[in-house]
Amino acid sequence: METVTRYNNNNLIFKDSKYLYLISYNSVIAKYDKLSDKLTLFKNWDFSSTTTKYLYRFINFYYYDLTTIQNKKALIIEWIKNKKITYKNQ
């Protein structure tokens, strides 16, 4: 895997031929499938305000423009409930 972006020492994006991964404190927070345009979130996606800050940047850049969304967390929860994105609690 190749590092694409290093937000800071604890939040970075890795890529391989199919996926982009947002890593925060050694945990995978999100996975974006470049081929199918599918986003998967993992259980620690809202662990802290710092984690969500970088998740929003990741989503905004690779998946969906969040710049005009006031309540980003509520939108993400709605996406999970409506199965627009996949959520894995592991």
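The values are calculated or read from the model by the stated rules, or taken from the named source; none is laboratory data. Treat the numbers as computed from the prediction; the structure is a model and nothing was measured. All Cβ positions, glycine included, derive from the backbone under ideal geometry; neighbour counts span all protein chains shown.
Could you check segment 51-73 and list, in sequence order, the residues that are surrounded by 10 or more Cβ atoms within 10 Å (Cβ to Cβ) and over 19 Å from Val4 (Cα atoms)?
Correct list: Leu66, Ile69, Lys72, Lys73.
Filter segment 28-48 for residues that are surrounded by fewer than 14 Cβ atoms within 10 Å (Cβ to Cβ), out of contact with any Leu (no Cβ under 9 Å at 6 or more places or on another chain) and of a type outside the set (A, V, I, L, M, F, W, C) and give the result.
Listed by number, the residues that qualify are Ser36, Asp37, Lys43, Ser48.
Of all residues in segment 36-51 being more than 15 Å from Ile80 (Cα to Cα) and either outside any loop (DSSP other than H, G, I, E, B) or modelled with pLDDT of 95 or more (or both), which is farthest from the chain's Cα centre (by Cα)?
Across segment 36-51, the extreme among qualifying residues is Ser36.
Six or more apart or on different chains, Cβ under 8 Å: which pairs go from a residue in segment 1-29 that's acidic (Asp, Glu) to one that's assigned to a strand (DSSP E or B)? Could you list them?
Note: pairs meeting the criteria are Glu2/Phe14; Glu2/Lys15; Asp16/Glu2.
Out of the residues in segment 59-90 meeting the condition of being within 17 Å of Ser36 (Cβ to Cβ) and assigned to a helix (DSSP H, G or I), tell me which one is farthest from the chain's Cα centre (by Cα).
Once the filter is applied, the top-ranked residue is Trp79.
Any residue at all in segment 70-85 that is at pLDDT below 95 and not hydroxyl-bearing (Ser, Thr, Tyr)?
Within segment 70-85, not a single residue is at pLDDT below 95 and not hydroxyl-bearing (Ser, Thr, Tyr).
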